[in-house]
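Here is the structure we will look at, set down as structure tokens.
All of the numbers you see were taken from the coordinates with simple rules; none came from a lab. Since this is a predicted model, take the numbers as computed values, not measurements. Cβ atoms come from the backbone with ideal geometry, glycine included; neighbour counts cover every protein chain shown.
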Amino acid sequence: MVDILLLQTVSIAVASASVVAGVTYYALQIRHQTRTRDTDLVIRLFSTFARKEFQQEMWRELKDLQSGLSYSDLTEKYEVMAPETGVFFEGVGVLLHRKLIDISLVDDLFSGFIKRYWEAAKPLVEEVRKQLNYPQYGEWVEYLYNEMKKREQQAPKTS
């Protein structure tokens with residue numbers, strides 16, 4: 001009788017341990033898949049960002065923005081409401097806000113460009129917001145910039 005109880009207890013313990021091990025393995029796999037998905041998405045974004053044509057366009061837009069381009073100049077020159085770089089960073093901002101991409105990867109790959117772009121585009125974005133009564137214009141680029149600045153301020157200072 002004792003042997004049967006011992007055998008049942010051992011089998012219950014083994015079954016329980018198997019369930020715990022399976023759940024732990026599954027949780028680790030989900031975590032790994034999420035990380036892989038995040039990395040894949042950022043790498044695909046970076047492949048667009050790194051294209052020669054995109055880089056040329058970005059630097060041209062930055063130069064125009066730094067020269068004090070007005071909203072009417074923008075729509076006349078680019079024939080669109082938002083230049084390609086702004087649209088790209090707007091998308092990255094939405095993905096970051098929805099936690100679909102990892103902020104550390106975005107920071108490592110884009111932060112310098114994001115800061116430089118927003119600082120040049122901010123006066124124009126504010127002008128568009130006022131002229132068109134469109135307060136959401138450029139909101140995700142601004143969000144992205146603010147997140148990069150927060151991260152920069154939280155980073156440990158090294159001397």
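Tally Lys/Arg at +1 and Asp/Glu at -1 over every other residue whose Cβ is under 13 Å from the Cβ of TYR137; what's the total?
Working: positive: LYS122, ARG129, LYS130; negative: GLU90, GLU126, GLU127, GLU139, GLU142.
Its environment carries a net charge of -2.
Just to be sure I follow the rule: in segment 1-158, considering lysines 8 or more places apart or on different chains, how many pairs have Cα atoms under 21 Å apart?
Taking the Cα cut-off of 21 Å, the pair count is 18.
How much net charge surrounds ARG51 when only the other residues with a Cβ under 13 Å from the Cβ of ARG51 are counted, with Lys and Arg +1 and Asp and Glu -1?
Numbers: positive: ARG44, LYS52; negative: GLU53, GLU57, GLU84.
Summing Lys/Arg as +1 and Asp/Glu as -1 gives -1.
For the chain, give the magnitude of the charge dipole about the Cα centre (Cβ charges: +1 Lys/Arg, -1 Asp/Glu; no others), in debye to the nearest 20. All intermediate terms of the calculation are to be shown ahead of the outcome.
Numbers: 20 positive and 22 negative charges, 76 e Å.
The calculated dipole for the chain is roughly 360 debye.
Only loop residues by DSSP count here, and only those with at most 14 other Cβ atoms within 10 Å; note down the trypsin sites (Lys or Arg not before Pro) in segment 29-91 that meet that. Spell out each step's value before the answer.
On the way: sites: ARG31, ARG35, ARG37, ARG44, ARG51, LYS52, ARG60, LYS63, LYS77; in loops: ARG51.
In loop regions of segment 29-91 (DSSP not H, G, I, E or B), the sparsely surrounded trypsin sites (Lys or Arg not before Pro) are ARG51.
Taking 0.36 nm per intervening residue step and subtracting the Cα-Cα distance, what contour gain separates VAL20 from GLU76 on full extension? List each step's numbers first, then the result.
On the way: separation 56, 0.36 × 56 = 20.16 nm, distance 6.31 nm.
Gain in length upon complete extension: 13.8 nm.
Each residue of segment 40-56 in order: what ³J(HN,Hα) in whole Hz does its phi give by Karplus 6.51 cos²θ - 1.76 cosθ + 1.60, θ = phi - 60°, with x for Gly and Pro?
4, 5, 5, 5, 5, 4, 5, 5, 5, 4, 7, 4, 4, 5, 5, 4, 4
If I fit a long axis through the Cα atoms of helix 103-131 and take the longest principal axis of the Cα atoms of the chain, what angle between them do I get, 0 to 90°, rounded to 10?
40
Angle between the Cα long axis of helix 139-154 and the longest principal axis of the chain, 0 to 90 degrees, nearest 10?
Result, in degrees: 60.
Find the Rg to Rh ratio for segment 6-159, where Rh is the Kirkwood radius over alpha-carbon pairs and Rg uses the same atoms. Don't skip to the end; give the middle numbers.
Details: Rg = 22.7 Å, Rh = 18.3 Å.
Expressed as Rg/Rh, it is 1.24.
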